[in-house]
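*Asks:* Sharing a structure below in structure tokens format, with a few things to ask.
The values are calculated or read from the model by the stated rules, or taken from the named source; none is laboratory data. No experiment lies behind these values; they were computed from the predicted model shown. When we count neighbours, we look across all protein chains shown, and the Cβ atoms used for this are built from the backbone with ideal geometry, even at glycine.
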Amino acid sequence: MQNISVISINQELLLPARERRRHSLGDIINRLFGCRHRALSRPFTHDRQTYLSCLDCGMRRDFDLENWKPRGAFYAEVKQ
């Protein structure tokens, strides 16, 4: 028989509720102020266009391979 403490059981039960609050608070902040684009992908090149992608919202920013720096503003991908 395995001994499980009451504290560990309570923490496991509360974890989903904490995550729901955190996600809903983050969603509210993003809706009010927009995404801060802190988590960016590595540069990708597709159809001779190099860009970075925000891992949170999916918006893109062009990337200059010669200077190894991002350029321009973030934009949404146009799906065809």
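*Asks:* Within segment 42-57, work out how many residues are more than 15 Å from Ala73 (Cβ to Cβ) and either in contact with a strand residue (DSSP E or B) (Cβ under 7 Å, 6 or more places away or on another chain) or in a loop (DSSP other than H, G, I, E, B) (or both).
*Replies:* 8
*Asks:* Now a separate question. Among the residues of segment 30-54, which ones are surrounded by 10 or more Cβ atoms within 10 Å (Cβ to Cβ), out of contact with any His (no Cβ under 6 Å at 6 or more places or on another chain) and at pLDDT 90 or above?
*Replies:* Result: Ala39, Leu40, Ser41, Pro43, Phe44, Thr45, Gln49, Thr50, Tyr51, Leu52, Ser53.
*Asks:* Can you list residue pairs whose Cβ atoms sit under 9 Å apart, with the first residue in segment 59-80 being on the phi > 0 side of the Ramachandran plot and assigned by TED's automatic domain parsing to the domain that holds Leu40 and the second being outside any loop (DSSP other than H, G, I, E, B) and surrounded by 10 or more Cβ atoms within 10 Å (Cβ to Cβ)? Count only pairs 6 or more apart in sequence or on different chains.
*Replies:* These pairs meet every condition: Gly72/Arg61; Gly72/Asp62.
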